[in-house]
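Accompanying notes for the structure given below.
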Amino acid sequence: MDDSVTAAWLTKAVVDSAGAARDGRTRALFTKLIEHLHAFVREVELTPQEWMSAIEFLTATGKKCDDFRQEFILLSDTTGISMLVDALASGRASGSTESTVLGPFFTLDAHDVAAGGTIAKEGSGYPLFVSGHVRDTLGRPIANAPIDVWETDGTGTYDVQYADRLGPDCRGRLRTDAQGAFRFRGVLPVSYSIPSDGPVGAMLSALGRHSMRPAHVHFKIEPDGYVPLTTAIYVKGDPYLEADAVFSVKPSLVSDYRRHEGAGEAAERGCSVPFYTLERDFVLAPVSVPA
Ligand code: BEZ
Ligand code: FE
C-alpha cells in the first residue's frame, strides 16, 4: 500500500465505522463531516505541527468557557457558521421578522419586567424607551408572548462581563399585552468589542481582523404555537453596520433610534436629556400543524 492508497482507505474506514449508527441523521452528519475534514487535510497538506496547533486552539477555546463565557459560540459567530445555520433555517419561517445571532451573552436569570418598566440600573447609559407590537404573519396580535431583551450598558459592556456582577442588568423578561403590545425602558446601546482576550481574539488578530459589533438590542420572542424568533435591532448610522465582526447585520433589522432633547418631554418620562426612543414591531410565523 502506498501513502495515497492508505489515505483513501482511511476515509472510507472511518465513514464505514459509523455504519451501525442507530440514527440515520447522525450517520449522515458524521459521514459528511469526516469526508470534508479529510479532504481539507489532504488539500492543504496539513502538517503534524499545524494539527497540534489546531488541537491546542480548540483546547484553549474549551478552557475559556464557563457559565458566563462561551468561547465556542464566539468561534461559531466569528467564522460565520452561526449566520450560515441561521440563513438555512430562516426560510422555514417565511413572512416573519428576520433572525440573527443569539451571541454568548443571553442568560436565564433576567428579572420579569412589567409593561413600561426598566431593565437597566440608573446611570447605565442614555435612557432609551422601546415600544412595539408582536403580531402573526396575518397581522393578528400575539397576546402574552414572552420576550427576553438584553443589551450592553452605555460603555459597551454586558453585565456578565463585570467580575463583580451582583445580578442581571440591562436585561429583562417581558410579556405582550392583549393587543400584542410591549414597552420597556433600557439604555441607548453602543458599538462594542466582542471579548478578545481569549483564543478567538488571538485568531482575529492573526487574521488582521477587528472585533467590533454595531450597537443593538437583542430580542428573543418565543410564544407557544409560533416559530421562535431570536433577533436584534441595530442602530441606524452605526459605523460598524457594514463591518460586523460576526457578519450578523441584516438591513431589515436596522432601525432609527430617535434622539430627543426636549426637557419637558424628558420630565414627562421621568428621565434626563438626551433620551432616545425606538418603535419596532415583530412578526412571528405560526408553527405549521402537520396534516
Ligand atoms: C452579541 O451580540 O452579544 C454577540 C454576538 C456574537 C459574538 C459576540 C457577541
Ligand atoms: Fe450583543
Checklist entry - Would you say residue 89 is closer than 30 Å to residue 178 by Cα, away from ligand 2 (no atom under 16 Å from the Cβ), of a type outside the set (Val, Ile, Thr) and without any contact (Cβ under 8 Å) to a residue 24 or more places away in the chain? => result yes
Item to check | Selection within the range 125-145 - more than 18 Å from residue 96 (Cβ to Cβ), surrounded by 14 or more Cβ atoms within 10 Å (Cβ to Cβ) and away from ligand 1 (no atom under 16 Å from the Cβ) | outcome: 126, 127, 128, 129, 130, 131
Item to check | Residue that is over 17 Å from the mean Cα position of the chain (by Cα), basic (Lys, Arg) and within 21 Å of residue 183 (Cβ to Cβ), where the choices are 63, 121 | outcome: 121
Checklist entry - From the list 200, 227, 187, which residue is out of contact with any strand residue (DSSP E or B) (no Cβ under 7 Å at 6 or more places or on another chain) and more than 12 Å from ligand 2 (Cβ to nearest atom)? => result 200
Next on the checklist: Could you list, ordered by first residue, the pairs with Cβ atoms under 6 Å in which the first is in the range 74-85 and in contact (Cβ under 8 Å) with a residue 12 or more places away in the chain and within 13 Å of residue 204 (Cα to Cα) and the second is within 16 Å of ligand 2 (Cβ to nearest atom) and part of a helix (DSSP H, G or I), at least 6 apart or interchain?
Outcome noted: 74/200; 75/200; 78/200
Item to check | Matching residues, the range 146-203, being buried (at least 18 other Cβ atoms within 10 Å of the Cβ), charged (D, E, K, R) and within 15 Å of ligand 1 (Cβ to nearest atom) | outcome: 148, 151, 153, 159, 169, 171
Next on the checklist: One residue is enough: does the range 204-216 have a residue meeting the conditions buried (at least 19 other Cβ atoms within 10 Å of the Cβ) and among the polar types (S, T, N, Q)?
Outcome noted: no
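Just so you know, all these numbers are worked out from the coordinates, no wet-lab data involved. This structure is a prediction, so every number in the text was calculated from the model and none was measured. Cβ atoms come from the backbone with ideal geometry, glycine included; neighbour counts cover every protein chain shown.
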